[in-house]
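Peer 1: A single structure is presented below for examination.
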Amino acid sequence: MNVKATLDHLITQTLHTLYPGEEAKANVQIAKNPLFGDYQSNGIMGLAKRLGRNPRDLAHEIVNKLKLDEIASKVEVAGPGFINISLSTKFLTYSLNSLDGQTLVSQATQPQKIVIDYSSPNLAKEMHVGHLRGTIIGDALARTFDYLGHTLIRQNHFGDWGTQFGMLITFLQELPEGSEHEEALANLETFYRAAKERFDADTQFAEKSRANVVKLQSGDEQCQKMWQRFIKVSITHCQALYKRLGITLTEQDMAPESFYNSKLANIIKLLDTENLLKESDGARCVFLPEFKNRDEEPLPLIVQKSDGGYLYATTDLAAINYRCQTLQAERILYVVDARQSLHFQQVFAVAHHSSLVSSKCSLEHISYGTMMGKDGKPFKTRSGDTIKLIDLCEEGVERAFKLVSGKNPDLPKAQREIIANTIGIAAIKYADLSKNRNSDYVFDWDSMLSMEGNTAPYLLYAFARICSIFRRAELSMDDTYSIEIQSTEERALAVKLLQFSEVVHGLTEECLPNQLCLYLYELAGVYMKFYEACPVIKSEGAEKISRLGLCQITARTLKQGLELLGITPLEQM
């Protein structure tokens, strides 16, 4: 049950009954101080101001009409007109005992068809740390939409077209056929770097590369064949890395730039037909009044270069059109770094000014900041090179193995390796997801692998510790345990557990995974207070059964929350 949504609905309904025609919302929030209740409605003040009423008097009027007897033990007016709500023990007990063991969160009441575009590496180059944030943030959101019952379409819009492929084809043509080809393609990063050096230094090589781009786009058989080899090797690299990171993207989710190549001319034709195109220095552009430069001059979105070539904007408009009209998406999310904000603002605006997208389709840029090193600069190696994502994963696992071995030297090595693999990958992902995606953050191995604070190891340990309780008691976590709340600590844990549903639903609205991370961290903290104050194994009878039930739901909630973040829980650490 989504308690917050239920309270919000009931209070808003009462406001509309008393004052029909008025725009009024309850605006229910979790109370910041539990001494003043569990939830608080602060939407009265706006309505009181419009009505010219004293907000406290209006709040008392609302409270007198509210029917919350089945939910709340106390509803009172506080401060300038807040309504504080304390949930009843009877309601908490009933709600926890009613939870389905497999479904802790109610499904979406109005499921949507959603397209989410994330990861999107450039092929022919190995993925590096710059791809990390978009990949794991997008995957956490995708997992959550799936979990809530939305129809989700993942789209990995990777770069597989353009000048760099002409450069790579030309470089490959210079090598002897056979084993040297295979050896060169085995390390894409080295191959790409060598080709780029030739391209920058050798004019004839650069001209031949551009000619090969034209051949590729014209369907030249040899160029197409070499291009496909680069694509195949790159996809293999990507999928291996996705598997290592626990990312749910598959080859079926790939929607490369080349897929839209045949659609680009029609995009230009449509924009022209709708009188949105203007020529500027030979290029074809869309000028919208809402976009201006510092001198208040119109800012163009260039969709076709003077030489007839297309740009990223053209491809993005084609993708929007396909996703809205063909895939019938109601909501399209783009998990792309914040530096592309203006680009997406312009592309979305052009799409909505034209008939490329339905007015009912929501286009959203889920932006994120940069992963920084301790020096305050984008995270790189000491030599200044970009760090390969696979190398980052391996280092995380190695560091975790040392940590696990130090704490549990008697565990068999194979078991320590399994635990270290989970902790290492989880630490990398959680350190990112626990930060507000709109901010830059500093990558710090020591803090992300710490067993204290808002970290993956801390949450993994919290889950494993609960599992150990059932092992020591020789009981199954799959059994049914009837809960009867008695102590203050039990009540606090019950309230926190019921907030899981609203946090998960909130994640799909605001797309901020750090809110789920914060909830899980707070839940682990509330559980620890309960565990310290309320003995579980040493208690007896109905009290023991009840406390085991609270442990069980806490473990399930931590497990489900971690899995939504793309982290595999450990039953033993």
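Peer 1: Which residue, Ala349, Ile483, Gln224, has the largest displacement toward the positive end of the dipole of the chain when charges sit on each Cβ (Lys, Arg +1; Asp, Glu -1)?
Peer 2: Ile483
Peer 1: Let's test the formula: R0 of 41 Å, r as the Cβ-Cβ distance of Gln572 and His9. What FRET efficiency results, to the nearest 0.05?
Peer 2: E(calc), rounded to 0.05, equals 0.45.
Peer 1: Hey, another quick one. With all pairs of different alpha carbon atoms counted, what Kirkwood hydrodynamic radius in Å does segment 219-373 show?
Peer 2: 17.6
Peer 1: Note the per residue figure in Å³ for the convex hull of the C-alpha positions in segment 149-303.
Peer 2: 212
Peer 1: Right, next: For Glu395 and Gln204, compute 0.36 nm times the residue count separating them, minus their Cα-Cα distance, and round to one decimal in nm.
Peer 2: Length difference between fully extended and current span is 64.6 nm.
Peer 1: Given a Förster distance of 30 Å, report the FRET efficiency between Lys74 and Lys538 from their Cβ-Cβ distance, rounded to the nearest 0.05.
Peer 2: FRET efficiency, Lys74 to Lys538: 0.35.
Peer 1: May I ask you to give the average projected area over all directions of the convex hull of the Cα atoms of the chain, in nm² rounded to one decimal?
Peer 2: In nm², the orientation-averaged hull projection of the chain is 32.7.
Peer 1: Once you place label points 7 Å from the Cα toward the Cβ at Glu279 and Lys32, how far apart are they in nm?
Peer 2: Spacing of the two 7 Å Cα→Cβ label points: 6.0 nm.
Peer 1: A follow-up question, please. Report, in whole Å, the centroid distance computed from the Cα atoms of segment 135-180 and segment 398-464.
Peer 2: The distance from the Cα centre of segment 135-180 to that of segment 398-464 comes to 28 Å.
Peer 1: What do you get when you divide the Cα radius of gyration of segment 20-123 by 2.2 N^0.38 Å, with N the number of residues?
Peer 2: 1.49
Peer 1: Among the lysines, which fall within straight-line cross-link reach of Lys538, defined as a Cα-Cα distance under 26 Å, with same-chain neighbours fewer than 8 residues apart omitted?
Peer 2: Within the straight-line limit of under 26 Å, Lys538 reaches these lysines: Lys90, Lys496, Lys529, Lys559.
Peer 1: Using 1/(1 + (r/R0)^6) with R0 = 25 angstrom and r between the beta carbons of Lys269 and Arg339, what's the FRET efficiency to the nearest 0.05?
Peer 2: 0.25
Peer 1: How much of the DSSP beta bridge set in the chain is antiparallel, as a percent to the nearest 5?
Peer 2: Roughly 55 percent of the DSSP beta bridges within the chain come out antiparallel.
Peer 1: Once you put a point 7 Å from the Cα of Asp220 and another 7 Å from the Cα of Thr17, both along the Cβ direction, what distance in nm separates them?
Peer 2: Result for the modelled spin labels: 7.6 nm.
Peer 1: So how long is each side of segment 56-214 along the principal axes, counting just the alpha-carbon atoms, biggest first, in Å?
Peer 2: Projected onto its principal axes, the Cα set of segment 56-214 covers 84, 39, 25 Å.
Peer 1: Another question, then. What dipole magnitude, in Debye to the nearest 20, does the chain give about its Cα centre under +1 on Lys/Arg Cβ and -1 on Asp/Glu Cβ?
Peer 2: The calculation lands at about 880 debye.
Peer 1: Per residue, how much accessible area does segment 269-426 show when a 1.4 Å probe rolls over the protein heavy atoms, in square angstrom?
Peer 2: 54
Peer 1: Which percent of the accessible area of the chain is formed by carbon and sulfur heavy atoms (probe 1.4 angstrom)?
Peer 2: On the chain, the fraction of accessible area on carbon and sulfur atoms equals 48 percent.
Peer 1: Follow-up question, since we're still on this one. Would you kindly calculate the mean projected area, averaged across all directions, of the convex hull enclosing the Cα atoms of segment 454-573, in square nanometres?
Peer 2: Across all orientations, segment 454-573 yields a mean hull projection of 7.1 nm².
Peer 1: Express the relative contact order of the chain as a whole percentage, based on alpha carbon pairs under 8 Å and six or more residues apart in sequence.
Peer 2: Averaging sequence separation for qualifying contacts and normalising by length gives 15 percent for the chain.
Peer 1: Step through the residues of segment 14-26 one at a time and calculate ³J(HN,Hα) from phi using the Karplus curve (6.51 cos²θ - 1.76 cosθ + 1.60, θ = phi - 60°), rounding each to whole Hz and writing x for Gly and Pro.
Peer 2: 5, 4, 6, 5, 6, 9, x, x, 7, 7, 9, 10, 5
Peer 1: Taking N as the number of residues in segment 108-192, what is its alpha-carbon radius of gyration divided by 2.2 N^0.38 Å?
Peer 2: Dividing the Cα radius of gyration by 2.2 N^0.38 Å gives 1.53.
Peer 1: If you average 1/r across every pair of different Cα atoms in segment 525-573 and take the reciprocal, what Kirkwood value do you get, in Å?
Peer 2: 12.0
Peer 1: Express in % the proportion of alpha carbon pairs of segment 264-333 at distances exceeding 20 Å.
Peer 2: So the pairs more than 20 Å apart make up 36 percent of the total in segment 264-333.
Peer 1: Between Leu51 and Lys360, what is 0.36 nm times their sequence separation minus the Cα-Cα distance? Round to one decimal in nm.
Peer 2: 107.9 nm
The values are calculated or read from the model by the stated rules, or taken from the named source; none is laboratory data. This one's a predicted model, so the numbers in the text were calculated from it and none came from an experiment. Glycine gets a Cβ as well: all are built from the backbone with ideal geometry, and neighbour counts include every protein chain shown. We work out accessible area using only protein heavy atoms, side chains counted, and drop any ligands, DNA or RNA first. Shrake-Rupley method; radii C 1.70, N 1.55, O 1.52, S 1.80 Å.
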